[in-house]
Amino acid sequence: MKEEKVVILAIESSCDDTSSAVIVDGILRSNVIASQKVHEEYGGVVPELASRAHQLNILPVVDTALKRAGVTKDELSAIAFTRGPGLLGSLLVGTSFAKGLALALGVPIIDVNHLQGHVLAHFVEDGTGLKHPGFPFLCLLVSGGNSQIIVVKSQKSKDERPIHMPHFEIIGQTIDDAAGEAFDKCAKVLGLPYPGGPHIDRLAKLGDASKYPLAKPNLPGYDYSFSGLKTSFLYTLRDMLKAHQVETIDELAERVPNLREDMCASLQATIIDILMNKLKKAAKDLNIRQVAVAGGVSANSGLRQAFIDYGKRYHWDVFIPPFSFTTDNAAMVCQAGYFKYLDNDFCAIDEPPFAKTTI
Ligand code: KG4
């Protein structure tokens with residue numbers, strides 16, 4: 001007898017991207033993302049504007065995801081949604097939409113932890129032959145809100161693809177700011193648009209990373225800290241403003257050749273160094289050689305290159321996601337939803353979204 005198809009629709013609305021994806025029998029069929037431009041002029045995400053934009057985008061985004069996947073809503077086996085962490089107003093839009101649609105269709109809902117979704121982006125079968133990590137592996141999760149080192153384990157054998165949800169153990173995380181926040185806040189100080197990460201990445205390619213030595217934290221274990229680096233960045237500029245007797249970064253840039261490029265290169269190199277040093281320590285201590293990176297900051301070209309270099313030097317098998325799966329997307333939520341569906345791990349209709357959690 002032919003088994004029924006498993007069709008999962010996923011909805012992601014944790015921050016400022018409205019996204020929906022469809023997986024059919026483990027294969028990604030569509031991944032639609034509407035990014036919100038409205039926040040650019042404010043230099044950061046404005047929660048109320050994000051919720052309103054999700055309200056406008058969600059119906060067309062879900063509709064397009066279903067159409068591109070070539071499925072109708074009546075074929076859905078379950079609906080997965082990001083339950084948290086994220087902005088509560090944004091999460092409420094996706095959560096309510098998923099629950100309403102599921103109730104109307106009489107299908108179960110699956111709650112997904114956004115951070116686990118980022119890690120599981122490495123298991124999406126998108127037809128491009130993406131290489132999946134074996135178990136156990138280490139994942140450096142670096143985004144606008146998180147910087148964590150996670151050990152991902154499965155009951156499956158080392159190289160087998162998991163057909164069940166793996167287990168996530170956070171062994172290190174930031175005690176203050178996230179790496180993405182350090183990129184964005186320092187970019188703001190330099191007068192670069194939001195989000196600053198991609199702008200720093202672009203300018204860093206033109207700068208000298210050894211020009212401005214910046215402070216690095218000295219924390220035991222695998223935890224991170226980026227607030228001291230941010231202060232050191234700020235004080236470096238403050239001292240230069242004073243020395244050149246000017247008030248703005250634009251005036252300073254006229255006097256100091258290549259100021260922004262060199263500051264960006266120095267900042268990026270320092271962040272990468274901090275991230276990779278702890279990861280290297282974890283890989284050595286735990287004797288794990290499968291090492292992955294995930295989250296928005298994994299789009300950074302310097303960090304991607306560092307993974308390749310460390311991989312060669314320390315004989316790691318490295319896993320770097322394609323750009324489309326680095327920032328927020330529903331494909332990763334759908335992948336988590338698919339694993340949970342196979343585990344019969346569903347969520348009650350009255351489970352509320354949550355703003356904060358670890359994994
Ligand atoms: O994962 P994500 O899309 O959102 C969160 O869930 O936080 O990550 C967004 C973060 C922002 O801080 C953004 O500046 C950063 O990822 N980012 C980058 C790059 N592209 C995005 N940071 C450094 N270099 C990049 N190329």
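The values are calculated or read from the model by the stated rules, or taken from the named source; none is laboratory data. Everything quoted here is computed from the prediction, not taken from an experiment. Positions of Cβ are generated from backbone atoms using ideal geometry, with glycine treated the same way; all protein chains shown enter the neighbour counts.
Worth pointing out:
- So Cys186, is it in contact (Cβ under 8 Å) with a residue 40 or more places away in the chain, touching a helix residue (DSSP H, G or I) at 6+ places or on another chain (Cβ under 6 Å), more than 21 Å from Ala215 (Cα to Cα) and crowded, with 22+ Cβ neighbours inside 10 Å: no
- In region 2-18, the qualifying residues are those that are among the small types (Gly, Ala, Ser) and more than 10 Å from the ligand (Cβ to nearest atom), and the one that is farthest from the chain's Cα centre (by Cα) is Ala10.
- Selected residue [more than 16 Å from the ligand (Cβ to nearest atom), in the same structural domain as Thr236 (by TED's automatic domain parsing) and either closer than 21 Å to Gln148 by Cβ or touching a helix residue (DSSP H, G or I) at 6+ places or on another chain (Cβ under 8 Å) (or both)] from Tyr194, Tyr212: Tyr212
- Test result for Asp63, modelled with pLDDT of 95 or more, acidic (Asp, Glu), touching a helix residue (DSSP H, G or I) at 6+ places or on another chain (Cβ under 8 Å) and at negative phi: no
- Set Ala50, Ala21: member being crowded, with 21+ Cβ neighbours inside 10 Å and either acidic (Asp, Glu) or more than 17 Å from Val112 (Cβ to Cβ) (or both): Ala50
- Residues that are more than 16 Å from the ligand (Cβ to nearest atom), in a loop (DSSP other than H, G, I, E, B) and either buried (at least 24 other Cβ atoms within 10 Å of the Cβ) or not charged (D, E, K, R) (or both), drawn from region 121-144: Gly127, Thr128, Gly129, Leu130, His132, Pro133, Gly134, Phe135, Pro136
- Here region 315-325 is the region considered, the condition is being surrounded by 20 or more Cβ atoms within 10 Å (Cβ to Cβ) and not in a helix (DSSP H, G or I), and the residue that is farthest from the chain's Cα centre (by Cα) is Trp316.
- Residues considered: Ile308, Ile249. Of these, the only one that is over 25 Å from Lys188 (Cβ atoms) and either in contact with a strand residue (DSSP E or B) (Cβ under 9 Å, 6 or more places away or on another chain) or not hydroxyl-bearing (Ser, Thr, Tyr) (or both) is Ile308.
- Among the residues listed as Ile150, Ile175, the single one being aliphatic (A, V, I, L, M), within 16 Å of the ligand (Cβ to nearest atom) and farther than 17 Å from Ser19 by Cα: Ile150
Yes/no per residue for (1) under 30 Å from Leu76 (Cα atoms); (2) free of Cβ contacts under 8 Å to residues at least 40 places away in the same chain; (3) more than 16 Å from the ligand (Cβ to nearest atom); (4) outside any loop (DSSP other than H, G, I, E, B):
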| residue | (1), (2), (3), (4) |
| --- | --- |
| Lys284 | no, yes, yes, yes |
| Val293 | no, no, no, yes |
| Arg304 | no, yes, no, yes |
| Tyr310 | no, yes, yes, yes |
| Arg313 | no, yes, yes, yes |
| Thr327 | yes, no, no, no |
| Tyr341 | yes, no, yes, yes |
| Asp345 | yes, no, yes, no |
| Thr357 | yes, no, no, no |
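- Residue among Met263, Met240 that alone is touching a Leu at 6+ places or on another chain (Cβ under 9 Å) and either closer than 12 Å to Gly302 by Cβ or in contact (Cβ under 8 Å) with a residue 40 or more places away in the chain (or both): Met263
- Test result for Ala331, in a helix (DSSP H, G or I), crowded, with 24+ Cβ neighbours inside 10 Å and under 19 Å from the mean Cα position of the chain (by Cα): yes
- For Val246, the criteria (1) under 25 Å from the mean Cα position of the chain (by Cα); (2) away from the ligand (no atom under 15 Å from the Cβ); (3) in a loop (DSSP other than H, G, I, E, B) hold in every case but one, which is (1).
- Thr95 in the same structural domain as Asp343 (by TED's automatic domain parsing), closer than 20 Å to Thr357 by Cβ and hydroxyl-bearing (Ser, Thr, Tyr): yes
- Subset of region 56-106 [surrounded by 23 or more Cβ atoms within 10 Å (Cβ to Cβ) and basic (Lys, Arg)]: Arg83
- Test: residue in region 334-350 that is among the β-branched types (Val, Ile, Thr), exposed (fewer than 14 other Cβ atoms within 10 Å of the Cβ) and under 27 Å from Ser14 (Cα atoms): yes
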